[in-house]
Amino acid sequence: MARITLDGMRHSYSPTPSGDDDYALKRLDLEWSDGGAYALLGPSGCGKSTLLNVISGLLRPSEGRILFDDEDITGLPPDRRNIAQVFQFPVIYDTMTVRENLEFPLRNRGLPSNVARQRAIEIAELLELSDILDQRAAGLTADGKQKISLGRGLVREDVAAILFDEPLTVIDPHLKWQLRSKLKELHQRVQRTMIYVTHDQTEALTFADRVVVMNDGNVVQIGTPSELFEAPHHTFVGYFIGSPGMNVMPCDVRGGQAFFAGDPIETTNANLVKEGATGLELGIRPEFVSFAEKGLEVRVVRVRDAGRSQVIDTERAGTIIRLLLLEGVEVPAETARIAFDSKRTRVYADGWLVE
Amino acid sequence: MALELRSVSKRVGGVTHIHPTDLVLERGSFNILLGTTLAGKTTLMQLMAGLDRPSTGSVWFDGKDVTGVSVRQRNVSMVYQQFINYPNFTVYENIASPLKVAGFDRGEIDRRVNSAAELLKLKPMLQRRPSELSGGQQQRTAMARAIVKDAGLVLLDEPLANLDFKLREDLRDELPRLFADRDCIVVYATTEPVEALLFGGHTATLSEGRVTQFGPTSEIYRRPQDLVSARVFSEPLINVASVQKRGHEFALGNRARWNAVGGTENLADGDYILGIRPHHVTPTPEGAEPVAIEGVVLITELAGSESVAHVDIGEATWVSQAHGIHPHEIGETSRLYADMSRALIFDGDGGRIWP
């Protein structure tokens, strides 16, 4: 187990990077504490897999250092980093039994067979694989095989960290839920540093204590799931986390007051906007917009039933403003007025929260 | 004007893939096939398309028997989960290909390709090849090709499954608009209940090769005809428990008792199965008839704006899903409130009898 530190790290796939654009990972300084559950969340091409490969040692960063506790491991190959990894697709031996698969990483490291046996039984118990320990892996479903992959990642007690690369991709939604819960439970039991890469916000938010949101090679925000939801530091975080994402509306600010389409809007931070700030936008999550007696006049353009909630698109001055209301709440037809929760309405400049 | 399946079934080597199915899909409608992997969605689509011949029964299109008429002789478009495009064609040529085959003149091809590209936001990429596109753009190209020839039947087999979460959300938003003004029949297969809900239209729930129910989507969601349909159309899975009705009271083992009201008082005394969705089981009383139930917390998940807890209530494990942050400790006994005014009641065979 280890604390992981990234110190002034950058990576470019080009041998002669000239500008920022040539870097798949822009400058990163991060510290992940021992035993934490972290998620790297972002769209494809954001740099999350590059970062994972740097941590696992498959890739040597162009610049900077990576430390496990106080040891500089930047130049160490993957097999000397003491890391377990679980991939998107099952990596198991089809010809072995489930038990042999689980014991393999331990035997491979020369652990006595009675220890390996005992650990495999424990892990199988946790993952509900006990009943099929002596079956061959070949006959199992994709879900079953991926569970074994997870088990192989979790079986070693001496690892510095366990890395998960989109491990639930092949799993059916109903089972995803169970496995996600299982992983969370396992983390709580074993308290090992775990890093989970995904593009799926639900997986990231449910698994991790802290989520690292990435976009375009940058870390945009690191925070607890509720921080990311409550106070996005960038409009990208607002968009990427939450479903539907945060409303982002063009605005101007005069004398510390924000205006949208000519109407004044109360915010938490318009008074902090500096003279001459550009790219001003308002950010408010659909959860915090409601229909009201007084407020911004809008046109209701679409209502969708999402079961436990309703997604309502309203329009004003060519901008769509979404509301997320509970099941059963009445929705006005055509024209209506909406109000924003002023404690959750914020001004952003060129994408970044004005602070 | 419709697509009609009359007692269509499919058996392969003695194994039933589709049980005899009757289904009528109207022109201009958006239809969802909802079910887990291997429920029979793809097989059913192949039977609709004429890619596969039914073992029994017949397929009718616009009043004509098209059973056994191959897909080539029919005006059908398909989009698959994998992004399938011609790798050596440009995006323009990919979209134009079905029109060229159908012998349209150059002017008409140009007009249609441009209008489809406009709808799917592909205009800037028309001269690129698929390998230069992101996954989302590749799938947009496949969709543009599917809509360009104005097929009478458009089959979309989990087209968003391989896309990033957010891209999926964006395309899910746009998809119904693509077909809004068309007179075709759209069939969309998915494993995700919320996707079905957001599309609206009509939904057929599928389980083990059977269409268990078909009708307007929100009606199927709120009034599932049986427990199987309710399970298919729930995520997380609907909570279930055996309950007893005696006189004016319901009892859930010795965990909870509540008054039978709102019409349920007229049900005969006896044993029933209660079904209640996770978002109607909350840590604080909500809704018209909150009933307290105690259980031991097994797993908790916080996902930014919502809290989920898996709770052992003795007879079963229930899931509670609530807005806001409600921290639970694993292993603690916790009180939940089930809003019984939202409960579904099934008989011993799983048929819905209330509401």
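Derivation of every value follows stated rules applied to the coordinates shown; laboratory data play no part. Everything numeric here is computed off the predicted structure, so don't read it as measured data. Glycine gets a Cβ as well: all are built from the backbone with ideal geometry, and neighbour counts include every protein chain shown.
Annotations for the structure displayed:
- For segment A:67-220, a simple Cβ point-charge model (Lys and Arg +1, Asp and Glu -1, everything else neutral) yields a dipole of about 340 debye relative to the Cα centre.
- Computed 3J(HN,Hα) for segment A:234-244, one whole-Hz value per residue from the Karplus formula 6.51 cos²θ - 1.76 cosθ + 1.60 where θ = phi - 60°, is 9, 4, 4, 5, x, 6, 6, 9, x, 9, x, glycine and proline marked x.
- Cα gyration tensor of segment B:150-257 - equivalent ellipsoid semi-axes, whole Å, descending: 35, 16, 12
- Segment B:314-355, dipole about Cα centre (Lys/Arg Cβ +1, Asp/Glu Cβ -1), debye to the nearest 20: 180 debye
- Distance violations [Cα-Cα > 21 Å] among B:K123/B:K149; B:K100/B:K123; A:K182/B:K41: A:K182/B:K41
- Of the chymotrypsin sites (Phe, Trp or Tyr not before Pro) found in segment A:61-107, the ones in coil according to DSSP and having at most 16 other Cβ atoms within 10 Å of their Cβ are A:F87, A:Y93.
- Projecting the Cα atoms of B:F83, B:I238, A:I338 onto the charge dipole of the protein assembly as shown (Cβ charges, centred on the Cα centre) puts B:F83 farthest toward the positive pole.
- Debye log10 I(q)/I(0) at q = 0.24, 0.27, 0.28, 0.29 Å⁻¹ for segment B:1-61, Cα point scatterers: -1.06, -1.28, -1.34, -1.40
- Taking GluC sites (Glu not before Pro) across segment A:258-311, the ones in a DSSP loop with at most 11 further Cβ atoms lying within 10 angstrom of their Cβ are A:E275.
- Under-5 Å amide H pairs with B:T21, H placed in peptide plane, nonlocal only: B:S7, B:V8, B:S9
- By the beta-carbon count within 10 Å of each Cβ, the least crowded to most crowded order of A:K274, B:K123, A:K26, A:K145, fewest first, is A:K274, B:K123, A:K26, A:K145.
- Packing-based exposure ordering (other Cβ within 10 Å, fewest first) of A:V197, A:V331: A:V331, A:V197
- Of the residues B:S307, B:G262, B:P290, the one whose Cα sits farthest towards the positive end of the charge dipole of segment B:258-325 is B:S307 (charges of +1 on Lys and Arg Cβ, -1 on Asp and Glu Cβ, taken about the Cα centre).
- Charged-residue dipole, Cβ positions (Lys, Arg, Asp, Glu), segment B:1-140 about Cα centre, Debye nearest 20: 240 debye
- Within straight-line cross-link reach of A:K48, aspartates and glutamates at Cα separation under 14 Å, skipping those fewer than 8 residues along the same chain: A:D165, A:E166, A:D200, A:D216, B:D164
- Largest mean-square fluctuation among B:D22, B:D181, B:D150, in a Gaussian network model of chain B whose springs join Cα atoms under 10 Å apart, belongs to B:D181.
- The stretch between B:D62 and B:E265, if pulled fully straight at 0.36 nm per residue, gains 68.3 nm over its current Cα-Cα span.
- Largest GNM mean-square fluctuation among A:G57, A:G153, A:G262, using chain A with Cα springs under 10 Å: A:G262.
- When each of A:R189, B:R168 is scored by the number of other beta-carbon atoms lying within 10 Å, the sequence from fewest to most is A:R189, B:R168.
- Our summary gives segment B:189-318 a relative contact order of 17 percent, counting only alpha carbon pairs under 8 angstrom and 6 or more residues apart.
- With contributions of -39500 (n - 2.57) from each DSSP H run of at least four residues, the per-residue ellipticity at 222 nm computed over chain B stands at -7000 deg cm²/dmol.
- Relative contact order computed over chain B (Cα-Cα under 8 Å; 6+ residues apart), in percent: 15 percent
- Amide H to amide H, with H built 1.01 Å from N, A:T345 comes under 5 Å of A:T268, counting only residues 5 or more places away or on other chains.
- Near A:V197, the amide H atoms lying under 5 Å from its own belong to A:L40, A:F164, A:D165, A:E166; only residues 5 or more places off or on other chains count, and H is placed 1.01 Å from N.
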